[in-house]
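To keep things clear, I will list the structure first and then write my remarks on it.
Just so it is clear, none of the values below were taken in a lab; they were calculated from the coordinates. For clarity, every value in this text was computed on a predicted model and none was experimentally measured. Every residue, glycine as well, gets a Cβ built from its backbone with ideal geometry; the counts of neighbours run over all protein chains shown.
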Amino acid sequence: MKIDSHHHYWKYNPVEYGWIDDSMKVIRTDFLPEKLETTIAEAGIDGVISVHARQSVEETDWLISMAHQNNFMKGVVGWLPLIQDDIETYLEKYSGEKILKGLRHVVQGEPDPEFILRNDFNRGISLLKKYSLVYDILIFERQLPNTIKFVDQHPDQHFVLDHIAKPLIRRNELSPWKENIQELAKRENVSCKISGMVTEADFTNWTPEQLQPYFDVVLEAFGSDHLLFGSDWPVCLVATSYKNWADLVIKTISTLSETEQAKIMGENAVRIYDL
């Protein structure tokens, strides 16, 4: 199976999705399963992992509900209040919900630069392995040093880094992102989604050549066993079409063996998220 490990849905309204500014107005509309099912078929993708776009239990429930109604939705990465004292009550409640494969928190949006090292947050993370949940790491590249310290507190927890940690592609800067990615990738319990790259570049002027050095870094650092294809649809649409992005990733990894390509395009997602 070819799996898209990262996409979102929403019923657009300007209050809940205020981050969609004028430069992204093309995605100021609804994006729901019917639209995605058609889109992935055109790109030769078989299934998807649906990731929350809003930090609420309501969003998690909504994604789970849609996944039960759409066979191509193979798993959900939701949100639960990891910093709350009663987080285990939530984890118990959802423990029978096998379509819930992981959790994520928008650490990149936290005003506290030390949020990822907070005791309450790490207490919540420490409970996830018991419930066989993956944790998706959403950060900016400047947060990588603290993320390495964070990951080292949880050697038995499966982590997946979203959007290659959002390097400064628009400015063509590789360091210190490159060195920090290389260090993070030494941890066997960390994998990385090849996603979100075009939207870290200039939406209208990016080129495949501009992205190539960033591809090279993650391919070398993580290797074919720890990389997952992701589209970041519909956010990617501000810079490229779904099929164009999928085709670019497939072309970029085409120098690898067929076995390695199959891992990146789906097998790793199936294994890591237990699809």
Exercise. Taking the Cα centre of the stretch 49-170 as origin and charging only Cβ (+1 Lys, Arg; -1 Asp, Glu), how large is the dipole, in debye to the nearest 20?
Worked result: 440 debye
Exercise. Which residue, chosen from F121, G223, H6, occupies the Cα position most advanced towards the positive end of the dipole of the chain, where the dipole is computed from +1 (Lys, Arg) and -1 (Asp, Glu) charges on Cβ about the Cα centre?
Worked result: G223
Problem set entry | Residue order, fewest to most surrounding Cβ atoms within 10 angstrom, among F140, F121 | F140, F121
For this session: Show that you can apply the helix-only estimate: for the chain, add -39,500 (n - 2.57) for every DSSP H stretch of four or more residues, divide by all residues, and state [θ] at 222 nm to the nearest 500.
Result: -9500 deg cm²/dmol
For this session: Report relative contact order for the stretch 3-272 in percent, whole number only (criteria: Cα-Cα under 8 Å, sequence separation at least 6).
Result: 20 percent
For this session: Can you put W177, W233 in order of Cβ neighbours within 10 angstrom, beginning with the fewest?
Result: W177, W233
Exercise. For the stretch 113-230, what is the charge dipole size about the Cα centre, in debye to the nearest 20, if Lys and Arg each add +1 at the Cβ and Asp and Glu each add -1 at the Cβ?
Worked result: 380 debye
Problem set entry | Listed residues H154, W245, L168: farthest to the positive end of the dipole of the stretch 3-272 (Cβ charges) | H154
Seminar exercise, completed: Listing D216, D85 by rising number of other beta-carbon atoms within 10 angstrom, fewest first, gives D85, D216
Exercise. For R118 and K25 in one chain, what is 0.36 nm times their gap in residues minus the Cα-Cα distance, to one decimal in nm?
Worked result: 29.9 nm
Exercise. Under a straight-distance cross-link criterion of Cα-Cα below 25 Å, which lysines are reachable from K129, leaving out those fewer than 8 residues away in the same chain?
Worked result: K74, K93, K98, K101, K149, K186, K193, K263
Exercise. Where nothing but the Cβ of Lys and Arg (+1) and of Asp and Glu (-1) is charged, how large is the charge dipole of the chain around its Cα centre, in debye to the nearest 20?
Worked result: 140 debye
Problem set entry | Option label - mean projected area of the Cα convex hull in nm² computed here, alternatives [x] 16.7; [y] 25.5; [z] 13.2 | [z]
Problem set entry | DSSP beta bridges in the stretch 3-272 [antiparallel fraction, %, rounded to 5] | 5 percent
Exercise. For the stretch 42-72 and the stretch 179-242, what is the separation of their Cα centres, given in Å?
Worked result: 21 Å
Exercise. Please state the relative contact order of the stretch 144-206 as a whole percent: Cα pairs under 8 Å, 6+ residues apart?
Worked result: 45 percent
